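Comments concern the structure below.
The values are calculated or read from the model by the stated rules, or taken from the named source; none is laboratory data. Predicted, not measured: the structure shown is a model, and the values here were computed from it. For neighbour counting, all protein chains shown are included, and Cβ atoms are generated from backbone atoms with ideal geometry for every residue, glycine included. Calculation scope for accessible area: heavy atoms of the full protein, side chains included, ligands and nucleic acids excluded. Shrake-Rupley method; radii C 1.70, N 1.55, O 1.52, S 1.80 Å.
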Amino acid sequence: YKKLYPNAKSVRLNQNSTVTIKLNADKIDITQEFIEEDLYLDESANYNSKQALNFSSFFELNKVEASSFTYTDGKYKEIEVTDFKEKDELDQSFYDDTKSLNFIFPNLKKGSKSVLKYSENIKNPRFLSPFYFGDFSPIINNKVTIVADKDINLSFKAFNTDTLNIDFKKVEKRNTNIYTWELKNMDEYEYESNTPTYKKILPHIVPIITSFKSNNTDTNLGTNVSDLYTWYYSLVKDINKEDVDENLVTLVKELTANKKNDLEKVKAIYYWTQKNIKYIAFEYALGGFIPRQANDVFQKKYGDCKDNSSILYKMLDIAGLKGNLTWIGTRSIPYNYNEVPTPLVDNHMILSYTDSNDNTYFLDATGRYVAIDYPTSFIQGKEALIADGKSNFIIKKVPIIPPIKNAVIDTSYINLIDEDVIGKSKVEITGYNKTDTFLYLEDETTDEKIKEFYNTRLRKGNNKFLIKSFSETNKYDYEKNFIIDYDFSINDYTKKLGDEIYVNLNLIKDLSSYKTKEDRKHHIEYEHTNYFSYTTILNIPEGYKTDYIPENISLSNDYMSSIINYTVKDNIITYNHTYSLNFIDLNLDQQKEVNALIKKIEKAFKEVIILKKT
């Protein structure tokens, strides 16, 4: 196996999954059984010793058996795992009553094997899990079997499987349908940074129980989005029926007093919620899908995504405005609602507000410093399932914010003193770049730490860049541009040779960070689009004149554009580099196009101006 997979640290010899779906009166019972056998190919085997199985009120863990097999004297010796420890795992928005069962495979080393066998009951038939046919290590034998009563109808949605030779069979046996998928000798997938969710890469199948028949009655579960919405609505229809806390009513009146229109009222309520309701994810059972009452959230001043949506909903209602509870998947989920009309399709809740001009605002109060016309970055481009009463819903796509609204505009005035650069700069930051900056600054509690942060964030020229002083304008403001004025120096940046001075005015070359490796295997994902404008205005030193100015360039393709301009007027040289990145993810072909353009721009980065003594 080491010869077959020279880069692999382990090989999964067998991966066997069996799902049994039975009809018990008008209830569906689901049991899943798993067998996983791994062989370790090098001395890093002991890093795999610690293992954990997750479970929750929806996935009830049953019998667990685990053993290590150590190869000595020509045979394997089994060492059973006897110590299992349970702990809570609180880290998700929707289903974080998750617990984990933790254990250690003993004495793993090169040539060792581990075998894990376990079973679980799925307590809600809407929560059938995907089955994966690839992983970040090779899989030799992979088999999935689903045994379902004939009165239970299933559909299967395949993702990333087009190039695989999966052997699928369906067999009818007595009162059951048996579905099997088998795949052998699957190479490992390579992990790469900034790769979109593994669900967009690894081949997998999503099984969906669409309907079942009991007592001659058909019941739909996941035939279409209407089935999912009907269930979701049943969980939220009774929230906020109690009398409203008078203090909450008073607060809403104070926030909306003297606001000139409805949107200004929504803004006031939305920004207050972002600032004052702390986001904490914690839920148990169906509570993971049911928002808490607005009164509770208001009094406790914390809640998860559903709780934030609940209080927003009620506060708008108090102000005479209509918000709509909205389910949405973050960008870590690659499915849309019509593809996978089950709870697998989303993991987040927000509130939608649509104004009289049919403009929809996606209000996610789990974010901070997010202006009303920006969704949180991790839901851009995703479908939103918007509640509109008991039987009606709307599916709308969240927009991707254009680059110009995520701008960094930096203007510097510089003078040359010997071989040093002395300058003043003003930088304006907007959109998600502003939000990210504010989130970083929250953790910087002293002027010294803030200056250290800006020295890194605003670096120009070389590593001798140093900010001497700075001032901040509109810090933590939701809608105004964040402005930083600062004085700086860059020691030993220019070169003097004889009667000539050589200066590279490309002080910021961060565009190169968007160039991906030529041998990259997967898509790459970014948080948001970007727009940058860097201007450097140089006072020509007394006694010198311009001897060489680089050519201007203008390059663009479907994904980005870049313009570099030099102008000379009187005793001043003005350099400007503006570039726009109009993407949040790139496939391999798109990466090649972007890389080709960046390489051309990097040549321009090397260009210097030459000043000569008069």
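Zone of T354 (label point 7 Å along Cα→Cβ, backbone N under 16 Å): which residues in region 374-409?
383-399
Would you mind calculating the relative contact order of the chain from Cα pairs under 8 angstrom and at least 6 residues apart, reporting the percent as a whole number?
10
Could you let me know the centre-to-centre spacing of region 126-181 and region 26-68, using Cα atoms, in angstrom?
If we compute the Cα centre of each part, the gap is 19 Å.
With a 1.4 Å probe and every protein chain left in place, tell me how much accessible area T176 has, in Å² to the nearest 10.
Number for this one is 30 Å².
Sorting Y76, Y47 by accessible area (1.4 Å probe), largest first, what list results?
Y47, Y76
For region 487-569, what does the relative contact order come out to in percent, with C-alpha contacts under 8 Å and a separation of six or more?
Averaging sequence separation for qualifying contacts and normalising by length gives 14 percent for region 487-569.
Sorted by accessible area (1.4 Å probe), largest first, how do H523, H577 line up?
H523, H577
Working from Cα positions, state the angle (0 to 90°, nearest 10) between the long axis of helix 305-318 and the longest principal axis of the chain.
Tilt relative to the chain: about 70 degrees.
Give me the lysines in straight-line cross-link reach of K2: C-alpha distance below 20 Å, same-chain residues under 8 apart excluded.
K75, K109, K110, K113, K184
Over region 301-437, calculate the relative contact order: mean separation of alpha carbon pairs under 8 Å at least 6 apart, over the residue count, as a percent.
About 19 percent, as a whole number.
Nearest 10 degrees is fine. How inclined is helix 588-605 to the longest principal axis of the chain, computing both from alpha carbons?
Between helix and principal axis, roughly 20 degrees.
When the Karplus curve 6.51 cos²θ - 1.76 cosθ + 1.60 is applied with θ = phi - 60°, which whole-Hz ³J(HN,Hα) does each residue of region 37-50 get, with x for Gly and Pro?
10, 10, 10, 9, 9, 8, 6, 7, 3, 5, 5, 8, 5, 7
Enumerate the amide H contacts of D151 below 5 Å, restricted to partners 5 or more residues apart or on another chain; note that Pro and chain-start residues carry no placed amide H.
none
Go ahead and estimate [θ] at 222 nm for the chain from helices alone: -39,500 (n - 2.57) per DSSP H run with n ≥ 4, summed, over the residue count, rounded to 500.
Helix contribution divided over all residues of the chain: -5000 deg cm²/dmol.
Just how much of V427 is accessible, in Å², when a 1.4 Å probe is used and the result is rounded to the nearest 10?
That residue has around 0 Å² of solvent-accessible surface.
Quickly rank 108-114, 587-593 as a protection proxy: mean count of other C-beta atoms within 10 Å, highest first.
Result, highest mean Cβ count within 10 Å first: 108-114, 587-593.
So for R12, R292, R459, R368, what's the accessible-area order with a 1.4 Å probe, most first?
My answer, sorted largest first, is R459, R368, R292, R12.
Return the subset of K85/K169; K322/K397; K99/K267; K87/K199 for which the Cα-Cα distance in this structure is over 28 Å, preserving the input order. All intermediate terms of the calculation are to be shown ahead of the outcome.
Numbers: K85/K169 39 Å; K322/K397 20 Å; K99/K267 38 Å; K87/K199 26 Å.
The pairs that break the limit, which is 28 Å between Cα atoms, are K85/K169; K99/K267.
I'd like to know which of V144, I166, T210 lies farthest towards the positive end of the charge dipole of region 142-233, counting +1 on Cβ of Lys and Arg and -1 on Cβ of Asp and Glu.
Of the candidates, T210 comes out farthest on the positive side.
With r defined as the distance between the Cβ atoms of K613 and N463 and R0 fixed at 30 Å, what FRET efficiency is calculated, to the nearest 0.05?
Computed FRET efficiency for K613 and N463: 0.50.
Report K22's accessible area, 1.4 Å probe, all protein chains in place, as a number in Å² to the nearest 10.
K22 has an accessible surface of roughly 110 Å² with all protein chains in place.
What is the set of long-range amide H partners of K110 at a cut-off below 5 Å, with H atoms built 1.01 Å from backbone N?
Result for K110 returns A45.
In region 97-123, which residues have a backbone nitrogen under 19 Å from the label point lying 7 Å from S49's Cα in the Cα-to-Cβ direction?
101-116
Note down the magnitude of the dipole of the chain about its Cα centre, charges +1 on Lys and Arg C-beta and -1 on Asp and Glu C-beta and zero elsewhere, to the nearest 20 debye.
720
Give a residue-ordered list of calculated ³J(HN,Hα) values for region 193-199 (Karplus: 6.51 cos²θ - 1.76 cosθ + 1.60, θ = phi - 60°; whole Hz; x for Gly, Pro).
5, 6, 6, x, 2, 4, 5
Going through region 383-420, which trypsin sites (Lys or Arg not before Pro) have at most 16 other Cβ atoms within 10 Å and a DSSP loop state?
When the trypsin sites (Lys or Arg not before Pro) of region 383-420 are filtered for loop state and at most 16 Cβ neighbours within 10 Å, K390 remain.
Assuming 0.692 mPa s and 37 °C, estimate D for the chain with Stokes-Einstein, Rh taken as the Kirkwood radius over Cα pairs, in µm²/s.
Here the translational diffusion coefficient equals 115 µm²/s.
Only loop residues by DSSP count here, and only those with at most 15 other Cβ atoms within 10 Å; note down the GluC sites (Glu not before Pro) in region 237-286 that meet that.
Numbers: sites: E242, E246, E254, E264, E283; in loops: E242, E283.
Those that pass, being in a loop and sparsely packed, are E242.
Using only Cα atoms and rounding to the nearest 10 degrees, what angle (0 to 90) does helix 431-441 make with the longest principal axis of the chain?
90
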